[in-house]
Amino acid sequence: MSNTVGLGLPDAPPPTLAPRRKTRQLMVGDVGVGSDYPVSVQSMTTTRTHDVNATLQQIAQLTATGCDIVRVACPKTVDADALPAIAKKSPIPVIADIHFQPKYIFAAIDAGCAAVRVNPGNIREFDGRVKEVAKAAGDAGVPIRIGVNAGSLDKRLLEKYGKATPEALVESAIWEAGLFEEYGFGDIAISVKHNDPVVMVEAYRQLAAKTDYPLHLGVTEAGPAFQGTIKSSVAFGWLLGSGIGDTIRVSLSADPVEEIKVGDQILQSLNLRQRGLEIVSCPSCGRAQVDVYTLAEEVTAGMEGLDIPLRVAVMGCVVNGPGEARDADLGVASGNGKGQIFVKGEVIKTVPESKIVETLLEEAQRLAEDMDPDELAAAQNNGAGPSVRVTG
């Protein structure tokens, strides 16, 4: 018999709210985008792209956090000149983000970028250059993301609709995609971003009903970390829960690493990404007989960097505590200054409150060491990441 510890992964895929919408499939570097592939998480560097070392360092940080695809800005010639080195050395696929100057589209393709994002609303005479772009991208096998944005919508559509309505965003995207298709190019993903989650959701709903292109989800200019997280979670939850969306970016006025953490959590919450280390803790109440806040914080901090699919329950009273702890891989049900430690549903010991954190960390490490290497690798390759969930 094997001495390894199973990860508690389900025999069948976990339930989702709706089947994925069927799309055509793209390859962005070595990352598949479309309904045949897992939903991927993107971010965008905040460095000056021409500072190659700083940009690659930030990409490395994003990669370590779980980023699948990264986008870099290319507003100047010095940025375009830096693209070959960045595309070659980046550990994940690089998308060049192009505005205003169509010449940078060709520079990005020549540089070996995995894809190019174009903003038709603000690229000079873009429609007249589509034939050239389609040929260059087609010859190089580089997908194009048509990124329609409420803040830079084509003036013709603003005049027609009066503002950036869902219908205006969708019409812009379909028009531009149609131009590419006229020249035999169909390796296209689309985004129709708006800062209002309700408008954004409706735009993607309409677009999903009219096309089979993979869709990149985003609430543009979502705001600071807290506000942006709420907006993106609401919008992505509705769309991904309906089967719409193939790649996402959580746009935050914060360190881009935080965008990856939020995006990863959204996917895990919807069972679209394998869970990683998950801390389940109660919000505390008048029944709690231990300091749950401190316990949860110390356990979370102590398990930082433990990259394994493990659910750890930190509970503070006798109402939900034993049940939650028993259902977790590892847990504690606390009360009267002591805690019962559960491993795989069984009480293994009772320790004083002062020893709870130490004991949980020891047991977590033991479980990690005993895990089956092949199963652990499969879970990690599926994008598992740390999370904290409050229950009660």
- Is at least one residue of the range 44-65 over 20 Å from the mean Cα position of the chain (by Cα), within 28 Å of GLN274 (Cα to Cα) and not hydrophobic (A, V, I, L, M, F, W, C)? no
- Query: Within the group SER354, SER334, which residue is open to solvent by less than 20 Å² (accessible area, probe 1.4 Å), assigned by the TED database to the domain that holds LEU310 and among the polar types (S, T, N, Q)?
  - Reply: SER334
- Item | Subset of the range 110-131 [closer than 16 Å to GLY141 by Cβ and surrounded by fewer than 19 Cβ atoms within 10 Å (Cβ to Cβ)] | ASP110, GLY112
- Query: What single numbered condition from (1) touching a Gly at 6+ places or on another chain (Cβ under 8 Å); (2) open to solvent by less than 10 Å² (accessible area, probe 1.4 Å) fails to hold for PRO38?
  - Reply: (2)
- Task: Could you check how many residues of the range 231-245 are over 15 Å from ILE190 (Cα atoms) and in a helix (DSSP H, G or I)?
- Result: 10
- Query: Does the range 147-165 contain at least one residue that is closer than 22 Å to VAL33 by Cβ and not aliphatic (A, V, I, L, M)?
  - Reply: yes
- For residues that are part of a helix (DSSP H, G or I) and open to solvent by less than 50 Å² (accessible area, probe 1.4 Å), tally how many sit in the range 201-230. 9
- Please work out if ALA222 is within 16 Å of VAL41 (Cβ to Cβ) and at pLDDT below 95. yes
- Message: Out of the helices (runs of 4 or more DSSP H) lying entirely within the range 45-140, which hold 3 or more residues that are among the polar types (S, T, N, Q)?
- Response: 52-65
- Message: Cβ contacts < 8 Å: first residue more than 13 Å from LEU267 (Cα to Cα), restricted to the range 225-238; second residue part of a helix (DSSP H, G or I) and open to solvent by 40 Å² or more (accessible area, probe 1.4 Å), any location; separation 6+ or different chain. Result?
- Response: ALA225/GLU258
- Query: Which condition does ASP127 not pass, out of (1) within 23 Å of THR247 (Cα to Cα); (2) out of contact with any Gly (no Cβ under 8 Å at 6 or more places or on another chain), if it passes all the others?
  - Reply: (1)
- Task: Return the only residue of VAL78, VAL31 being open to solvent by 10 Å² or more (accessible area, probe 1.4 Å), at pLDDT 95 or above and more than 17 Å from ARG145 (Cβ to Cβ).
- Result: VAL78
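Which of the residues spanning the range 267-299 are of a type in the set (Val, Ile, Thr) and either at pLDDT 75 or above or on the phi > 0 side of the Ramachandran plot (or both)?
Listed by number, the residues that qualify are ILE279, VAL280, VAL292, THR294, VAL299.
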- Item | Test: ALA189 is at pLDDT 95 or above, crowded, with 23+ Cβ neighbours inside 10 Å and in the same structural domain as PRO102 (by the TED database) | yes
- If ALA18 satisfies every condition in (1) under 13 Å from VAL257 (Cα atoms); (2) open to solvent by less than 60 Å² (accessible area, probe 1.4 Å); (3) among the hydrophobic types (A, V, I, L, M, F, W, C) but one, which is the exception? (1)
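Every residue, every condition in (1) at pLDDT below 80; (2) assigned to a helix (DSSP H, G or I); (3) closer than 30 Å to GLU259 by Cβ; (4) open to solvent by 10 Å² or more (accessible area, probe 1.4 Å), yes or no:
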site	(1), (2), (3), (4)
PRO309	no, no, yes, no
ARG326	yes, yes, no, yes
LEU361	no, yes, yes, yes
GLU369	no, yes, no, yes
- Residue hits (the range 62-75; open to solvent by 10 Å² or more (accessible area, probe 1.4 Å) and in contact with a helix residue (DSSP H, G or I) (Cβ under 6 Å, 6 or more places away or on another chain)) are THR65, GLY66
- Of all residues in the range 84-109 being farther than 16 Å from VAL130 by Cβ and of a type in the set (Gly, Ala, Ser), which is surrounded by the most Cβ atoms within 10 Å (Cβ to Cβ)? ALA96
- Message: Looking at the range 153-200 only, could you name the residues that are over 19 Å from VAL234 (Cβ atoms), out of contact with any strand residue (DSSP E or B) (no Cβ under 7 Å at 6 or more places or on another chain) and assigned to a loop (DSSP other than H, G, I, E, B)?
- Response: LEU153, ASP154, GLY162, LYS163, THR165, TYR183, GLY184, PHE185, GLY186
- For the range 371-392, what are the residues that are over 25 Å from GLY335 (Cβ atoms) and modelled with pLDDT under 55? ALA378, ALA379, GLN380, ASN381, ASN382, GLY383, ALA384, GLY385, PRO386, SER387
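The values are calculated or read from the model by the stated rules, or taken from the named source; none is laboratory data. Keep in mind that this is a model prediction, so the values were computed, not measured. Note: ideal-geometry Cβ built from the backbone for every residue, glycine included; neighbour counts use all protein chains shown. Calculation scope for accessible area: heavy atoms of the full protein, side chains included, ligands and nucleic acids excluded. Shrake-Rupley method; radii C 1.70, N 1.55, O 1.52, S 1.80 Å.
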